[in-house]
Amino acid sequence: MSFVITTPLYYVNDKPHLGSVYTTIICDSIARYKRLKGEDVMFITGVDEHGLKIQRTANEKGIEPKTHCDEISEIFTINWKNWDISFDKFIRTSSKSHESVVNEFYERVKESNDIYMGVQKGWYCVGCEEFKDNPENSATYKCPIHQKNLEWKNEENLFFRLSKYQKQIEKIISEPSFIEPIERRNEIVNFVSKGLKDFSISRTNVSWGIPVPGHLNHTFYVWFDALLGYVSAISSNETESSLEMSINAGWPADIHLIGKDILRFHAVYWPAMLISAGMRVPKKVLGHGFLTREGQKMGKSLGNVLDPDQLLSRYGNDPVRWYLIKDISLGSDGDFQDKRFVDIINNDLANTIGNLLNRTSSMSRKWFDNKVPNNEKISTNNKLENFAKIAVEKYMHNFEIYKLDHAANEVLNLAINTNLYLNDNQPWLLVKEKDNLPFVKEIIYAVLESTRIIGLLLLPLLPELSSKINEQLGSIYKKEIPWEEQLRWGLLISNSSLPKPTPIINKLEYE
Ligand code: MSP
C-alpha cells in the first residue's frame, strides 16, 4: 500500500510564495525520508483552480479563467521542479478526470441523503473562500488573513448535512494522532464542541466551477471540489479517474500537511464528506504554523513579500531548505529574518559541516596518500562511533514523529561533536610521532566515517548537499542497498581513494 502525502492544492491567483514553498519543502522531506525507509510513496501536490477568487483574478487581467489557470499552473510545476520537489502527482482541479470524480462523489453523498436546498446568508471572505461566523461590525470587518472586507451573500445553495456527523467527528478528532500538533487539535476540539452546522456546497454566482448535475446555474463550492482533488490525484492519468480507482490505488491519505489557516476544512468538513460517501478518512492532518518576515505578516501592501524565485537564484536550494526545516519548529509560527538566515547558513552549513569535510579530507589526503586510512581500531569504544549511533537513532525517532527541526539538529550536533573529537585528539600533533600512526588512522577514519553518515542523514533534508558530501568521500548512496543499512558504522572502505575536493557550500554575505 502506498504512503500518500499531500500538500494543499494551492490557489492559482498568483505564483507560489514563500508560504507555499515552505509547505511543499516539508512534504518533500517527509516523502524522501519515507522512500528511503523503503515505503512506496505517493506525494501529491497541485492547484485549486475554481471559485470566485480565481474568476475575479482572471477578469481583472481581462482573460478567460482557463487561460489564466493554464499560465499559473505551469508556473507552479516549473517552480516545483526548480526547487527539486520530488512530487509524484500534480493535480489540476480544472481537469476533466477530476470533474468526473466530483460528480461521482456528489452522487454518493446525495444517496446518503446528505444534500438539501436551502438559503445561505452571511459574510463571505473571497480570499479564504469561506463564510465567517458573525464577525462584529461585519461591514467594516477585515479578514485577518487577507486584510479585505467581507462581502454579504444571500442566495439559494445546496447544503451538506454536516450536523449529522457531530458524534463521528468528535470521535475522530479525539484520536490524538489525527490532528497534530496538540495546539491545532485543541482548536478543532473547541470548534466542534460548539456544534457543527450544515454548510453550503454550491454557488449560483460563480460560473468558473464544476456544474452541479441537475441544478442549472449552480457550480460546486470551490472547497467541496478542491478537497476531492486529493482523491482524483491518486488515480488520475490525464483522461480517466474514478473513486473506485483511487480507493484501489491508495486512498486514504496518510498525511495532509497544511497550514493552520485551512484546518477546519481538512479536519472537520472533509472527514464528514468522506464518511457520507462511504470512504475512509485521512489518517493524519498535520497543521503547520505561519511564516512572517522580520516579525511582520507578509503582504503585497506591506511590500515585504519574499520572492522564492529570487531566494532560490541568490542562495540555492539547500540553504533555504535548511533554514525552513531547521529553524522553524513544525507546527509553530516562524519568522524569516535576513540576518538570521545568513548567520545560520554560515554557522551550520559552511563552518560546521562544510569545514569538517574540508579539514578531514585534506588531512587524510595529505597523510594517507589521497586515501581513506585503514580502519584500525585501537580503542575498544570509539567515542565518535557512539555519538554517531545515538544521533542516528534520535534522528529516526524525530523524523517518525515529524519533528523535522529536531532531526536536522541531530545531524548538526553530530557534526559539532565530530569537530570537537578532532580538536580534542589533535591528530596534527600526533602525526609527528611514528608510533602514534595507528591512533591517527583511527581518528581520521572515525571522522571521515562520521562525515559519511552526516551526508547520508542529510539525504531527505538537503538532497544536493548530501550527494556533494558523499561524492567527496568517494562513498555515494546506493539505491539498491537499504538506506538504514548504509547508515551503519564502519562501511567507509579502508584505502579507498578520496576524490579531489571542491567547495560544497559557499559562505553567504549580508546584502
Ligand atoms: N486552495 C486552498 C487549499 C485547498 S486544499 C484542498 C488554499 N490555497 S492557498 O494557496 O491559499 O494555500 C494555503 C496554504 O499555503 C496554507 O495552508 C499553507 O500551507 C501555505 N501558506 C500560505 N501562506 C503561508 C504563510 N505565510 N506561512 C506558511 N504557510 C502559508 O488555501
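The values are calculated or read from the model by the stated rules, or taken from the named source; none is laboratory data. Given the structure is predicted, the values throughout are model-derived calculations rather than measurements. Cβ placement follows ideal geometry from the backbone for every residue including glycine, while neighbour counts extend to all protein chains displayed. For the accessible areas, the whole protein counts, side chains as well, though only heavy atoms, and no ligand, DNA or RNA atoms are used. Shrake-Rupley method; radii C 1.70, N 1.55, O 1.52, S 1.80 Å.
Tabulated values for the structure
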item	result
The range 119-168 - residue that is assigned to a strand (DSSP E or B) and within 16 Å of the ligand (Cβ to nearest atom) and, of those, nearest to Leu263 (Cα to Cα)	Glu130
Exclusive hit being modelled with pLDDT under 95, charged (D, E, K, R) and either open to solvent by 30 Å² or more (accessible area, probe 1.4 Å) or more than 22 Å from Lys34 (Cα to Cα) (or both), set Lys389, Lys383, Lys394	Lys383
Among (1) assigned to a strand (DSSP E or B); (2) open to solvent by 10 Å² or more (accessible area, probe 1.4 Å), the one test that Arg264 misses	(1)
Failed item, numbered, when Leu196 is tested on (1) modelled with pLDDT of 95 or more; (2) open to solvent by 50 Å² or more (accessible area, probe 1.4 Å)	(2)
Gly209 being within 16 Å of the ligand (Cβ to nearest atom), touching a residue at least 40 places away in the same chain (Cβ under 8 Å), over 17 Å from Leu158 (Cα atoms) and surrounded by 20 or more Cβ atoms within 10 Å (Cβ to Cβ)	no
Leading residue by the ranking (least open to solvent (accessible area, probe 1.4 Å)) among those in the range 319-353 that are among the hydroxyl-bearing types (Ser, Thr, Tyr) and not in a loop (DSSP other than H, G, I, E, B)	Tyr323
Among residues of the range 93-113, those that are free of Cβ contacts under 8 Å to residues at least 60 places away in the same chain and either buried (at least 20 other Cβ atoms within 10 Å of the Cβ) or in contact with a Cys (Cβ under 6 Å, 6 or more places away or on another chain) (or both), counted	1
Residue in the range 55-63 that is among the acidic types (Asp, Glu) and crowded, with 19+ Cβ neighbours inside 10 Å present	no
Filter result for the condition that a residue is more than 14 Å from the ligand (Cβ to nearest atom) and either open to solvent by less than 10 Å² (accessible area, probe 1.4 Å) or more than 14 Å from the chain's Cα centre (by Cα) (or both), over Tyr116, Tyr11	Tyr116
Selection status of Asp309, closer than 30 Å to Thr77 by Cα, in contact with a helix residue (DSSP H, G or I) (Cβ under 9 Å, 6 or more places away or on another chain), open to solvent by 40 Å² or more (accessible area, probe 1.4 Å) and within 16 Å of the ligand (Cβ to nearest atom)	no
Ile255 at pLDDT 95 or above, open to solvent by less than 40 Å² (accessible area, probe 1.4 Å), β-branched (Val, Ile, Thr) and touching a Lys or Arg at 6+ places or on another chain (Cβ under 6 Å)	yes
Selection count where residues are more than 25 Å from Leu404 (Cβ to Cβ) and open to solvent by 70 Å² or more (accessible area, probe 1.4 Å), scope the range 461-490	1
Gly62 being at positive phi and free of Cβ contacts under 8 Å to residues at least 12 places away in the same chain	yes
Residues (in contact with a helix residue (DSSP H, G or I) (Cβ under 8 Å, 6 or more places away or on another chain) and buried (at least 18 other Cβ atoms within 10 Å of the Cβ)) located in the range 354-368	Leu356, Leu357, Thr360, Ser361, Met363, Ser364, Phe368
The range 128-162: number of residues that are out of contact with any strand residue (DSSP E or B) (no Cβ under 9 Å at 6 or more places or on another chain) and surrounded by 14 or more Cβ atoms within 10 Å (Cβ to Cβ)	1
Which numbered condition Leu302 misses (of (1) assigned to a loop (DSSP other than H, G, I, E, B); (2) at pLDDT below 95; (3) in the same structural domain as Lys132 (by TED's automatic domain parsing); (4) within 14 Å of the ligand (Cβ to nearest atom))	(3)
Residues of the range 369-380 that turn out to be of a type in the set (Val, Ile, Thr) and open to solvent by 60 Å² or more (accessible area, probe 1.4 Å), as a count	2
Residue count for the range 14-63, restricted to those that are of a type in the set (Asp, Glu) and within 14 Å of the ligand (Cβ to nearest atom)	4
Extreme residue, farthest from Ser174 (Cα to Cα), among residues of the range 267-299 that are in a loop (DSSP other than H, G, I, E, B) and within 11 Å of the ligand (Cβ to nearest atom)	Gly299
Listing of helices (runs of 4 or more DSSP H) fully contained in the range 18-111 that carry 3 or more residues being in contact with a strand residue (DSSP E or B) (Cβ under 7 Å, 6 or more places away or on another chain)	18-36, 65-82, 96-111
